[in-house]
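Okay, structure first, notes after.
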Amino acid sequence: MLQVHDATSEPTNLIRQIHELSKPQFAAALGSVASHSKPIDKISHLKGRETQINTVEEAIYTPGRHVFIYGERGVGKTSLAKTAGRAVVDATYFKQFGCGSDTTFGSLMRQVIEAFAPKKLASIQKGSSFGLSKLLSVNASKNETYGAQDVITVSWAADVLASLDDDGKNTIRVVVIDEMERLTSPDARRDFAELVKLLGDRGALITFIFTGVGADLEAILGSHPSSFRQFAQVKLERIVFQPSLDIIDDAFARFDIDANQEPMLTARYRIAGIANGFPVYVHLLIEKLLYALYYDRSATEITLDHLRQAIEAAVVDAQEEIRKSYDLATRGRSDIYRLATWATADSWDLERTTTQIYQSYCALCERVDAASIQQKNLSQVLATLKRPTHGPILSKGFRHGQYQFSENIVRGYVRLCAAAAGIELQDLSPRSDTPITHAHARQTRAVHPDRTGGPPTTLRR
């Protein structure tokens, strides 16, 4: 049992268990609770998605019903699909397939049918075998050979998948088709929309769960209104603050680290704040933090230096496609462009007005001791950041005069870069129409008092 940390006494070793593990043991234990590079597959590790899990499960239990999960990259669409699907059916009846730019409806259906009923792919090719018997007009015979089904049509695929129910076992099957936005062919998308309609009409006990980056169902599957009623549509937003903390607490608990003690308490708030609602960044940061602790064999607690190492490692480890637009926007350019991107990310809100961004920009300039430009000049910089030559890292918001990131997962990377440079950006929702400036340099003050009911706490150096 870990003792309560007392700042007046010798520090308790709060991370002893980490150092008792071999590297393979540590990596396996960490991988069971933190995973930024692969989907979550256990409900106990999927935080803040209880309502969405219920929606998906209800659809699976309803014959002829299918699911469409959509939203930004990095919010956990595949994790939700995989977790909810495997909670209902075992591995034998759960299959997952991904889309690529060269994927066709036929190629995907061939994989699906091969997984559940490979014999259905064989087609009978009848032929006659005549030899001397024909010349003698006696004992003419015919034979049958089997070959692969060449053309997979929508109706044929629907018939085959519906026929899986003929065994009378009432077996539910779940198929996840991941990253539908990569399916570039409009015809292929239309075929999938037609497929789910036919399966729905038949009441087949198979549920397709589609995931995709997009704003709505039509953006992914195209215009096919008659098939929309077959779908349970699940829009996945960023997780709120508490589920982020829950992910971190699970990881700490795996190694018997008491997250309710300092300095761990402050570290978890820092990580959740930087991640800004994207589970992928919560997992990435906690993974890098725990590795920093593992390599520091003399450590007895988390320090500011461990957190700094984790943030810097996370910046390096981010995917190339995520880093690219930020590099195009800032590398080799005036610091104004870097500060402008940071200022745009200085809020929980995904869309910000020029005035709000300018307030954050001026605060950032004070913190880094840089001269600020006028708002009209910043407006020109923000407009430039919408050009392909600068990412484009920004795009116009829903309303006139608003800006947002072209991809919000890049927004999370921008927050990581700011943190690596010693700047903490705001993560709380504004409480008024004209929010105060938020950006501040990393100091010993780390936790907003509204979150803990007491004064801010500190990380030991």
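The values are calculated or read from the model by the stated rules, or taken from the named source; none is laboratory data. Note that the coordinates shown come from a computational prediction; the quantities given were computed from them, not determined experimentally. Virtual Cβ from ideal backbone geometry, glycine too; neighbours counted across all protein chains shown. Keep in mind that these areas ignore ligands, DNA and RNA; they rest on the heavy atoms of the full protein, side chains included. Shrake-Rupley method; radii C 1.70, N 1.55, O 1.52, S 1.80 Å.
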(request) Go through (1) small (G, A, S); (2) under 29 Å from V75 (Cβ atoms); (3) surrounded by fewer than 20 Cβ atoms within 10 Å (Cβ to Cβ); (4) at pLDDT 85 or above and name the single condition G222 misses. (result) (4)
(message) Please determine whether any residue of the stretch 250-257 is basic (K, R), out of contact with any His (no Cβ under 7 Å at 6 or more places or on another chain) and either open to solvent by 40 Å² or more (accessible area, probe 1.4 Å) or at pLDDT below 90 (or both).
(response) yes
(message) under 19 Å from the mean Cα position of the chain (by Cα), among the charged types (D, E, K, R) and either at negative phi or part of a loop (DSSP other than H, G, I, E, B) (or both): is that true of K47 in this structure?
(response) yes
(request) Being touching a Leu at 6+ places or on another chain (Cβ under 7 Å) and open to solvent by less than 20 Å² (accessible area, probe 1.4 Å) is the filter here, so list the residues in the stretch 392-422 that pass it. (result) I393, L394, F405, N408, R415, A418
(message) Y361 - would you say it is open to solvent by 10 Å² or more (accessible area, probe 1.4 Å) and either closer than 30 Å to H36 by Cβ or of a type in the set (S, T, Y) (or both)?
(response) no
(request) Give just the number: which of (1) open to solvent by 20 Å² or more (accessible area, probe 1.4 Å); (2) touching a residue at least 24 places away in the same chain (Cβ under 8 Å); (3) farther than 12 Å from L108 by Cα; (4) part of a helix (DSSP H, G or I) does V151 not satisfy? (result) (4)
(message) Of all residues being open to solvent by 20 Å² or more (accessible area, probe 1.4 Å) and touching a Lys or Arg at 6+ places or on another chain (Cβ under 9 Å) in the stretch 64-73, which is modelled with the highest pLDDT? Just the residue, please.
(response) Y70
(message) Pairs please, first residue from the stretch 189-206 and touching a residue at least 60 places away in the same chain (Cβ under 8 Å) and on the phi > 0 side of the Ramachandran plot, second anywhere and in a helix (DSSP H, G or I) and surrounded by 23 or more Cβ atoms within 10 Å (Cβ to Cβ), Cβ atoms under 9 Å, 6+ apart in sequence or on different chains.
(response) none
(request) Go through the residues of the stretch 240-248 one by one and say whether even a single one is modelled with pLDDT under 90, buried (at least 18 other Cβ atoms within 10 Å of the Cβ) and not aromatic (F, W, Y). (result) no
(message) Which count do you get for residues in the stretch 93-139 that are over 30 Å from I172 (Cα atoms) and either modelled with pLDDT of 90 or more or surrounded by 17 or more Cβ atoms within 10 Å (Cβ to Cβ) (or both)?
(response) 0
(request) Answer yes or no: is there a residue in the stretch 330-351 that is open to solvent by 30 Å² or more (accessible area, probe 1.4 Å), within 20 Å of N408 (Cβ to Cβ) and part of a helix (DSSP H, G or I). (result) yes
